[in-house]
1. In segment 45-65, which residues are open to solvent by 30 Å² or more (accessible area, probe 1.4 Å) and under 16 Å from the mean Cα position of the chain (by Cα)?
2. Pairs please, first residue from segment 9-26 and within 13 Å of the ligand (Cβ to nearest atom), second anywhere and of a type in the set (Lys, Arg), Cβ atoms under 9 Å, 6+ apart in sequence or on different chains.
3. Kindly provide the set of residues from segment 7-18 that are of a type outside the set (A, V, I, L, M, F, W, C) and either surrounded by fewer than 17 Cβ atoms within 10 Å (Cβ to Cβ) or assigned to a helix (DSSP H, G or I) (or both), ordered by number.
4. Do we have any residue at all in segment 86-100 that's over 20 Å from THR152 (Cβ atoms) and open to solvent by 10 Å² or more (accessible area, probe 1.4 Å)?
5. When you scan segment 19-42, do you find a residue that is touching a helix residue (DSSP H, G or I) at 6+ places or on another chain (Cβ under 8 Å), over 28 Å from ILE174 (Cβ atoms) and buried (at least 18 other Cβ atoms within 10 Å of the Cβ), even just one?
6. Out of all the residues in segment 147-169, is one or more basic (Lys, Arg) and touching a residue at least 24 places away in the same chain (Cβ under 8 Å)?
7. Which one of LYS101, LYS128 is more than 10 Å from the ligand (Cβ to nearest atom), more than 16 Å from the chain's Cα centre (by Cα) and modelled with pLDDT of 95 or more?
8. Taking LEU156 and the conditions (1) more than 11 Å from the ligand (Cβ to nearest atom); (2) more than 14 Å from PHE6 (Cα to Cα), which numbered condition does it fall short on, given that it satisfies the others?
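The values are calculated or read from the model by the stated rules, or taken from the named source; none is laboratory data. Remember, predicted model here, so these are calculated numbers, not experimental data. Cβ placement follows ideal geometry from the backbone for every residue including glycine, while neighbour counts extend to all protein chains displayed. For accessibility, only protein heavy atoms count, side chains too; no ligands or nucleic acids. Shrake-Rupley method; radii C 1.70, N 1.55, O 1.52, S 1.80 Å.
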Amino acid sequence: MNIIIFGPPGAGKGTQAKFLEKKLNNFQISTGDMLRNEIKKDTEIGKKIINNMNDGKFVDDEVVNQLLEKIIFDSNKMNKLIFDGYPRTLNQAKNLDILLKKSNQKIDYIFFLNVQKDAIIKRIQKRKILEKRSDDDAETILKRYDTYMQITKPVLEYYSKNDNFHEVDGSMEINQISQKIEQILTL
Ligand code: AMP
């Protein structure tokens with residue numbers, strides 16, 4: 001089963017992806033983690049993306065699409081993918097469609113975690129203390145939210161017509177959101 005967890009920064013995508021990873025024995029595919037790892041290892045990709053990441057801007061589609069391609073064709077992970085933070089642009093969404101088709105896979109569920117801006121700002125400020133992420137300061141959070149509204153919102157429109165699209169209230173407590181997702185999975 002392949003799943004997309006979709007939503008603004010701070011909506012709880014990573015938390016719910018980890019929950020589903022455990023529950024379904026699948027793999028959380030977090031492009032944010034993959035990109036942070038490139039920076040940590042100081043790779044060529046890492047050097048290229050560090051400024052954009054720290055400024056709360058998106059990394060180029062080409063770079064992210066390339067990282068994704070390897071994973072989609074990884075036979076150990078096929079049909080066990082939980083996308084967290086991908087796709088974020090229409091180009092990425094269309095690229096994902098192509099890669100899934102080529103690898104004979106499909107998306108079974110898309111969960112949209114819907115949270116309003118003020119709740120997100122509060123949450124990310126808390127996460128900054130816990131995870132010490134350099135892109136979690138107040139100014140960058142606002143930039144990331146605006147980028148989401150401008151660039152990622154069209155992806156929402158792209159998916160929201162699908163039968164496998166499910167909107168979940170992302171302002172609920174973590175375990176309530178997980179329960180809601182579980183319910184939908186058993187429908
Ligand atoms: P996340 O951990 O998903 O919140 O992502 C953190 C940052 O990584 C984002 O603000 C972007 O700079 C970058 N990033 C993660 N996923 C993508 C993506 N699919 N496309 C472009 N940039 C991304």
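1. The answer is LYS57, PHE58, ASP60, ASP61.
2. Close Cβ pairs satisfying both conditions: PRO9/ARG144; GLY10/LYS122; GLY10/ARG123; GLY10/ARG127; GLY10/ARG144; ALA11/ARG123; GLY12/ARG123.
3. Result: LYS13, GLY14, THR15, GLN16, LYS18.
4. No: zero hits.
5. Looking for residues that are touching a helix residue (DSSP H, G or I) at 6+ places or on another chain (Cβ under 8 Å), over 28 Å from ILE174 (Cβ atoms) and buried (at least 18 other Cβ atoms within 10 Å of the Cβ), one finds at least one in segment 19-42, hence yes.
6. Scanning segment 147-169 turns up no residue that is basic (Lys, Arg) and touching a residue at least 24 places away in the same chain (Cβ under 8 Å).
7. LYS101
8. (2)
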